[in-house]
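Notes follow the structure.
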Amino acid sequence: MQASDRFNINSQLEHLQAKYVGTGHADMSRFEWAVNIQRDSYASYVGHYPLLAYFAVAENESIGRERYNFMQKMLLQALYKP
C-alpha cells in the first residue's frame with residue numbers, strides 16, 4: 001500500500017463521516033459510538049410499526065407501552081454523558 005492510497009482511503013472516510021452523522025469522527029470514543037448505535041436502533045424500532053408490534057408481542061406488552069419504553073431509553077441515553 002502506497003502513501004497515496006492511504007491518503008485516498010482516509011479522505012474517503014472523512015467524507016463519509018461528514019456526510020453521515022452516525023458514522024462518527026476521529027475523536028469519538030468507543031462508548032459514544034455504541035450509544036449512538038443503540039439510540040438509532042431505538043428510533044428505528046419506534047419508527048417502524050411492524051418491528052414495534054413484534055417487540056410488543058415478544059414482551060407481552062401493548063404497542064403504546066413498548067413505544068413509551070423505547071422513547072424513555074432514547075431519552076436516558078441522550079442525557080447520559082460519561
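The values are calculated or read from the model by the stated rules, or taken from the named source; none is laboratory data. It should be emphasised that the depicted structure is a prediction, and the values quoted were computed from it without experimental measurement. Counting neighbours? That spans all protein chains shown, and the Cβs are built from the backbone with ideal geometry, glycine included.
Kindly list the number of the only condition in (1) among the aromatic types (Phe, Trp, Tyr); (2) over 30 Å from Gln12 (Cα atoms); (3) surrounded by 14 or more Cβ atoms within 10 Å (Cβ to Cβ) that fails for Tyr49.
(3)
Can you confirm whether the stretch 67-78 contains a residue that is surrounded by fewer than 14 Cβ atoms within 10 Å (Cβ to Cβ) and at pLDDT below 85?
So far as the stretch 67-78 goes, yes, one or more of its residues are surrounded by fewer than 14 Cβ atoms within 10 Å (Cβ to Cβ) and at pLDDT below 85.
Go through the stretch 20-40 residue by residue and tally those that are at pLDDT 75 or above and in a helix (DSSP H, G or I).
11
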